[in-house]
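The structure appears below as structure tokens.
The values are calculated or read from the model by the stated rules, or taken from the named source; none is laboratory data. Worth saying up front: this structure is predicted, and the values here are computed from it rather than measured. A quick note on method: Cβ atoms are made from the backbone with ideal geometry, for glycine too, and the neighbour counts reach across all protein chains shown. What goes into the accessible areas is simple: the full protein's heavy atoms, side chains included, and nothing from ligands, DNA or RNA. Shrake-Rupley method; radii C 1.70, N 1.55, O 1.52, S 1.80 Å.
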Amino acid sequence: MIHFDNVTKVYSHQSRPALQGVNVAVEKGEFVFLVGPSGSGKSTFLRLILKEERPTQGGIHVAGKDLSKLTNWKIPHLRRRIGCVFQDFRLLPNKTVNENVAFALEVIGKPRRFIRKVVPEVIDLVGLEGKSHRMPDELSGGEQQRVAIARAFVNRPMVLLADEPTGNIDPATSIGIMKVLDRINRTGTTVVMATHDAAIVDAFRKRVVELEDGRVVRDQSRGVYGQAYGGV
Amino acid sequence: MRAQFVLQEIWIGLRRNLTMTIALVVTVAIAMALFGTGVLLKMQVDKSNNYWSDKVEVSIYLCNKMSANPSCHKAEPTQGEKDQIEAQLKAMPQVADVTAETQQQAFQRARERFKDTPGFSDTIQVGDIPDSFRVKLKNPKEYQAVVAQMQGRQGVDQVINERAILEKFFKILGGLQWAAMIIAAIQVVAAVLLVANTIRLSAFNRRRETGIMRLVGASNLYIQLPFVLEGAIAGLIGGIFAAVLLGFSKVFLLGRLQQNLQFATSLGWLDVIQVIVFAMCFGVVLCALASFLTLRRYLKI
Ligand SMILES: Nc1ncnc2c1ncn2[C@@H]1O[C@H](COP(=O)(O)OP(=O)(O)OP(=O)(O)O)[C@@H](O)[C@H]1O
Ligand SMILES: [Mg+2]
């Protein structure tokens, strides 16, 4: 589903590469934790998948498509097949839960009937039934993140990218968020999640890819967060 | 494409930078009104020029009792002298046609022409305008030879080349036209800068929305359209004001000009409407294009 082939990324005006010779293959339906210290290149890895950044060297394939051959014109179509969740939720403050989720479909021109049908379904899926008319500021951080996940998933993407989705959330609530991501993963959606949260990584025992200074230093199925960062 | 969504976004955008929008509308209105006025003046000049170019004549006024020219000695030339002058004119290769106008005919014509201003027409008397020859030229530009031969000739009071007078007048109109165009051009630059600024503010205000749109894969058209239409609508509103101003231009500037200067040709409303439509389209396209180009800088793809 996602193939990094010897990928190096050097940001302009930067001498040190953010990623260096990265080779990673994520297959369909996998759940992958991306771990590593701050500045190790996790977010860069995710941005490359979205073609928000271009690799300096190497090739990236997503869903069988070579991103270097993807024209600007086609990038939106790539992004429609990839959902994104961030640490800071990125909800629209002046729209209700329902409208925030529906927004993702409206702006890609989905018909109104379809939107009315699928939005409540996905709101139920993330466990927000009964709260669809609340505004974001009437929700807890955990609930806001569920809205963000609902928005990312409402178009049934093949891949869900999550950049520290539990970064602003207390540990107890984080477990709930992880359960939602796990549920989404079980529908066959590939999930790649960058995180600093050792407890979660250790509890879930999924594949772990560890980055350090832009290099992959560990790629372990059913892995743990890692000794150096206070793991098991 | 969801029209309601797009319209809502435009409305929000226009309202959010209301002061900028107003400044933009005013600038576009002035730019387009001046531009349109320039075009109208040019049309008027061209039209009048065409009309006059085959009608202008060189008029040769003969001496009479009232002549101020000392060489006339306050006396009319004899019939023989008049015939001589006419013969000489007719012999010139540049001359197409010569008609004689007597004092009586000239008097009638003047009365007719100024009949709308009775105070003036009543004071005209026979003899105010002397006998004259009206000379039509084969090529109106070759008046020099005729003027040179007739000026100072025995029995001739004045030689008036209507074309030279008209040319002076057209030059003034031409100057006005250029002044309007130059100010319009400056206003156009100001409008472009204002559009750029307005759209930049708009893009900044809506960066959350556009960021999410980008992430969920909205097409560039969908992301940019509200901004471009925002510019276009501001341009359109400016254009509507410009249309009103151009209406005033037609009535007050060109209307007055026609009245006071006895233009035989007048621009019809059809011409004015053409100019208005053109100016409005120009305003809309200008603003939309400026928005679009600004977006390329401020909205990442
Ligand atoms: N837009 C950018 N321009 C220049 N350098 C950048 C940019 N984004 C990231 N970097 C650099 O690239 C390196 C990797 O950054 P990245 O954001 O991928 O790290 P990260 O692993 O996500 O860190 P964190 O855990 O703090 O989020 C860092 O050294 C960072 O300074
Ligand atoms: Mg990061």
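For the reader, a short list of remarks on this structure follows.
- With respect to the conditions (1) of a type in the set (S, T, Y); (2) at pLDDT below 85; (3) in the same structural domain as B:V156 (by TED's automatic domain parsing), B:S48 lacks only one, and its number is (3).
- Among all residues of the range A:75-94, there is at least one that is over 19 Å from the mean Cα position of the chain (by Cα), away from ligand 2 (no atom under 13 Å from the Cβ) and more than 24 Å from A:G214 (Cβ to Cβ).
- The strands (runs of 3 or more DSSP E) located wholly in the range A:151-228 that include 2 or more residues which are touching a Ser or Thr at 6+ places or on another chain (Cβ under 6 Å) occupy A:159-163, A:207-212.
- Pairs are defined by a Cβ separation below 7 Å, a sequence spacing of at least 6 or placement on different chains, a first member in the range B:90-105 that is closer than 17 Å to B:Q79 by Cβ and without any contact (Cβ under 8 Å) to a residue 60 or more places away in the chain, and a second member that is of a type in the set (V, I, T) and assigned to a strand (DSSP E or B); the pairs so defined are B:K90/B:V98; B:V98/B:V135.
- A:V180 passes every criterion in (1) within 16 Å of ligand 1 (Cβ to nearest atom); (2) open to solvent by less than 30 Å² (accessible area, probe 1.4 Å) apart from (1).
- Screening the candidates B:L221, B:L193, B:L201 for the property of being among the aliphatic types (A, V, I, L, M), within 14 Å of chain A (Cβ to nearest Cβ) and out of contact with any Asp or Glu (no Cβ under 9 Å at 6 or more places or on another chain) yields one hit, B:L221.
- Every residue from the range B:56-89 that is surrounded by fewer than 13 Cβ atoms within 10 Å (Cβ to Cβ) and not polar (S, T, N, Q): B:K65, B:A68, B:P70, B:H73, B:K74, B:A75, B:G80, B:D83, B:A87
- The set of residues in the range A:1-24 that are farther than 16 Å from A:S43 by Cβ, within 16 Å of ligand 1 (Cβ to nearest atom) and part of a loop (DSSP other than H, G, I, E, B) comprises A:S12, A:H13, A:S15.
- Only one entry in B:A185, B:A145 is at pLDDT below 85 and either surrounded by fewer than 21 Cβ atoms within 10 Å (Cβ to Cβ) or not in a helix (DSSP H, G or I) (or both), namely B:A145.
- Of all residues in the range A:25-38, those satisfying the criterion of being surrounded by 14 or more Cβ atoms within 10 Å (Cβ to Cβ), part of a strand (DSSP E or B) and more than 16 Å from ligand 2 (Cβ to nearest atom) are A:V26, A:F31.
- Against the test of being away from ligand 2 (no atom under 16 Å from the Cβ) and buried (at least 23 other Cβ atoms within 10 Å of the Cβ), the options A:R186, A:R146, A:R134 yield a single qualifying residue, A:R146.
- Scanning the range B:28-45 for residues that are open to solvent by 20 Å² or more (accessible area, probe 1.4 Å) and more than 18 Å from B:L257 (Cα to Cα) returns B:I30, B:F35.
- Scan of the range B:1-14 for residues that are closer than 27 Å to B:A184 by Cα and open to solvent by 60 Å² or more (accessible area, probe 1.4 Å), ordered by number: none
- When B:D157, B:D128 are checked against the criterion of being closer than 22 Å to B:E57 by Cβ, at pLDDT below 80 and outside any helix (DSSP H, G or I), a single residue qualifies: B:D128.
- The range A:150-164 - residue that is within 16 Å of ligand 2 (Cβ to nearest atom) and more than 17 Å from A:D202 (Cβ to Cβ) and, of those, most open to solvent (accessible area, probe 1.4 Å): A:D163
- Neighbours by Cβ (under 7 Å, 6+ apart or cross-chain): first from the range A:39-55, within 22 Å of A:V217 (Cα to Cα) and open to solvent by 40 Å² or more (accessible area, probe 1.4 Å); second within 12 Å of ligand 1 (Cβ to nearest atom) and assigned to a helix (DSSP H, G or I): A:P55/A:L48
- Odd one out for A:A199, checked against (1) more than 17 Å from A:V85 (Cα to Cα); (2) among the small types (G, A, S); (3) within 14 Å of another protein chain (Cβ to nearest Cβ): (3)
- Verdict on B:V135 being under 30 Å from B:G174 (Cβ atoms), of a type in the set (A, V, I, L, M) and buried (at least 17 other Cβ atoms within 10 Å of the Cβ): yes
- Yes/no for B:R163 being within 14 Å of chain A (Cβ to nearest Cβ), assigned to a helix (DSSP H, G or I) and open to solvent by 20 Å² or more (accessible area, probe 1.4 Å): no
- Check on A:R47, assigned to a helix (DSSP H, G or I), more than 14 Å from A:E210 (Cα to Cα), out of contact with any Gly (no Cβ under 7 Å at 6 or more places or on another chain) and within 16 Å of ligand 1 (Cβ to nearest atom): yes
- Subset of the range A:83-111 [of a type in the set (V, I, T) and more than 8 Å from chain B (Cβ to nearest Cβ)]: A:V85, A:T96, A:V97, A:V101
- Test set (1) in a helix (DSSP H, G or I); (2) of a type outside the set (D, E); (3) open to solvent by 40 Å² or more (accessible area, probe 1.4 Å) - B:K115 fails condition number: (1)
- The lone criterion from (1) out of contact with any helix residue (DSSP H, G or I) (no Cβ under 6 Å at 6 or more places or on another chain); (2) more than 11 Å from chain B (Cβ to nearest Cβ); (3) closer than 30 Å to A:D197 by Cβ left unmet by A:L78 is number (2).
- Condition met for B:L229 (in a helix (DSSP H, G or I) and under 30 Å from A:P93 (Cβ atoms)): yes
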